[in-house]
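Once you've had a glance at the structure underneath, I'll fire off some questions.
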Amino acid sequence: MVTITQTVDLSLTENLIPTIIHVKQYDNMGRKVVCSVYQGSTLVSLDSDTIINVSGTRPDGEIFQYSSETNPNVVYVEDGKASIWLTSVMTGVAGRTAVDVTIIDGNGSALGSFSFILKVEKASLGSAELSTGSYTGLVSQLASNIVDCYIDDNGYLVIVSEDGLGLTFEMDDEGNVSINYEGGSNA
């Protein structure tokens, strides 16, 4: 599996202007943000029992929250740094997503917090399934949801699928097939 790792230096005390991290809409567990945490100019090495809480608000107003206590596959401490895998919940809507990270020691006391901005770049297609799916996966989804298959009055094969992908197929008089996406806007 290919992993994109973005390392950022974040301070608990200085330059509290949030770092901007550019990501792609619908990124899901393929991109990891590794946060080197500083207090002043001193690098802080986080203990393995440190709790990392990550919360944010997407441009559509939906909120998300992950914790190393409940989601250790998404948020955790590794090599003394806070590691955060980006999920489709975080990147599902294009725009600026404010993210807060709170660091809590093993005794439950807040050590500090910092913020960063996910600048979620709009996907070219308005469907997560189409944007992130493989050809084989999309064909499998289409095939597994076939509800009707017949020959029309012109002798063409017609396949009707309730696959939820928002695709329609049209054939012209010369037998050329066009595939249209009718999923609407992802703005």
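Could you check how many residues of the range 10-39 are surrounded by 12 or more Cβ atoms within 10 Å (Cβ to Cβ) and acidic (Asp, Glu)?
So the answer is 1.
If you go through the range 64-83 one residue at a time, how many are open to solvent by less than 30 Å² (accessible area, probe 1.4 Å), β-branched (Val, Ile, Thr) and in a strand (DSSP E or B)?
The qualifying residues number 1.
Here is a follow-up. Under 9 Å between Cβ atoms, which residue pairs at least 6 apart in sequence (or on different chains) link something in the range 144-163 that is assigned to a loop (DSSP other than H, G, I, E, B) with a partner that is exposed (fewer than 10 other Cβ atoms within 10 Å of the Cβ) and at pLDDT below 70?
Within 9 Å, the pairs are TYR156/GLY175.
Let me ask you something else. Does the range 33-42 include one or more residues that are without any contact (Cβ under 8 Å) to a residue 40 or more places away in the chain and more than 14 Å from PHE114 (Cβ to Cβ)?
Checking the range 33-42: at least one residue is without any contact (Cβ under 8 Å) to a residue 40 or more places away in the chain and more than 14 Å from PHE114 (Cβ to Cβ).
Quick check, is SER88 within 13 Å of the chain's Cα centre (by Cα) and either among the hydroxyl-bearing types (Ser, Thr, Tyr) or under 22 Å from SER45 (Cα atoms) (or both)?
Considered against the rule, which asks whether it is within 13 Å of the chain's Cα centre (by Cα) and either among the hydroxyl-bearing types (Ser, Thr, Tyr) or under 22 Å from SER45 (Cα atoms) (or both), SER88 comes out as yes.
Say we look at the range 84-116 and pick out the residues that are in a strand (DSSP E or B) and more than 17 Å from GLN65 (Cβ to Cβ); which of these is most open to solvent (accessible area, probe 1.4 Å)?
ARG96
Another question about this same structure. Looking at (1) farther than 16 Å from VAL101 by Cβ; (2) part of a strand (DSSP E or B), can you tell me which one VAL54 breaks?
In the conditions (1) farther than 16 Å from VAL101 by Cβ; (2) part of a strand (DSSP E or B), VAL54 misses (1) alone.
The values are calculated or read from the model by the stated rules, or taken from the named source; none is laboratory data. Keep in mind it's a predicted model, so treat the numbers as computed, not measured. Backbone-built Cβ (ideal geometry, glycine too); neighbour counts: all protein chains shown. To get the accessible areas, we keep the full protein, side chains included, count just its heavy atoms, and leave off ligands, DNA and RNA. Shrake-Rupley method; radii C 1.70, N 1.55, O 1.52, S 1.80 Å.
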